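Here the structure is laid out as structure tokens; the discussion comes afterwards.
The values are calculated or read from the model by the stated rules, or taken from the named source; none is laboratory data. What you are looking at is a predicted structure, and each value in this text was computed from that prediction instead of being measured. For neighbour counting, all protein chains shown are included, and Cβ atoms are generated from backbone atoms with ideal geometry for every residue, glycine included.
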Amino acid sequence: MMLTIPREFVFVAVVFGVVLGLGVLSLRAQQMPGMEHGAPAQPGAQGGSGEHATPGGWKFRWPKGDPTKGREVFVKLECYSCHEVKGETFPAPSEQGKVGPELSAMGPMHEPEYFAEAIINPNAVIEQGKGYSAPDGSSKMPSFNDSVTVQEVVDLVAFLRGLKPPGKRPPSGSGAVGSPGGHEQH
């Protein structure tokens with residue numbers, strides 16, 4: 001008898017592990033004022049007990065990524081086949097393929113964690129009535145979790161956060177699909 005683990009379970013376990021791991025790394029790298037490494041949690045801590053409680057005021061901090069590498073991930077995953085990015089020279093999505101929002105003005109509109117969740121868990125937030133959902137109500141955006149590393153997601157988020165409408169960005173390099181596109185300074 002062969003044991004089969006549902007893909008959804010594996011996905012949830014991997015995402016939980018990644019988020020938990022990033023949270024631990026973030027906490028260790030950016031200790032809160034007044035917290036010494038290895039010190040017990042302060043009164044008012046959330047959850048847990050004693051030295052294992054989450055420190056009060058703790059918040060997950062998304063790591064800074066490399067927007068140039070993030071653009072490469074955008075190309076690798078062919079995100080442009082469903083998402084238009086005005087001001088970029090990606091191949092235009094076909095009318096059939098354009099199932100996601102245009103992204104050029106999204107950077108300043110959302111926190112990095114919002115973009116990360118949209119990439120890691122496309123079904124978390126689906127804007128209704130815009131054609132982004134499949135007939136069963138799930139997101140039309142596929143999961144790329146088996147195709148990307150955590151660092152690639154961090155870099156892709158940095159690229160998306162650096163996007164600005166065409167009139168508000170520097171000219172974009174050579175214009176080839178694989179070129180950095182002028183996002184090195186964002």
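What about GLU72, is it outside any loop (DSSP other than H, G, I, E, B) and of a type outside the set (Phe, Trp, Tyr)?
So GLU72 passes the test.
Scan region 120-135 and give yes if some residue there is surrounded by 12 or more Cβ atoms within 10 Å (Cβ to Cβ), touching a Lys or Arg at 6+ places or on another chain (Cβ under 6 Å) and free of Cβ contacts under 8 Å to residues at least 12 places away in the same chain, otherwise no.
yes
Kindly indicate whether any position in region 166-175 is outside any helix (DSSP H, G or I) and at pLDDT 90 or above.
No - not one qualifying residue is present in region 166-175.
Please work out which one of (1) farther than 22 Å from GLU152 by Cβ; (2) modelled with pLDDT under 90 is the condition PRO93 fails and give its number.
Exception for PRO93: condition (1).
Can you tell me which condition GLU117 does not meet? The list is (1) crowded, with 16+ Cβ neighbours inside 10 Å; (2) touching a helix residue (DSSP H, G or I) at 6+ places or on another chain (Cβ under 7 Å); (3) of a type outside the set (Ser, Thr, Tyr), and all the others hold.
(2)
Restricting to region 96-114, and then to whatever is crowded, with 17+ Cβ neighbours inside 10 Å and modelled with pLDDT under 90, can you tell me which residue is farthest from GLY167 (Cα to Cα)?
It comes out as VAL99.
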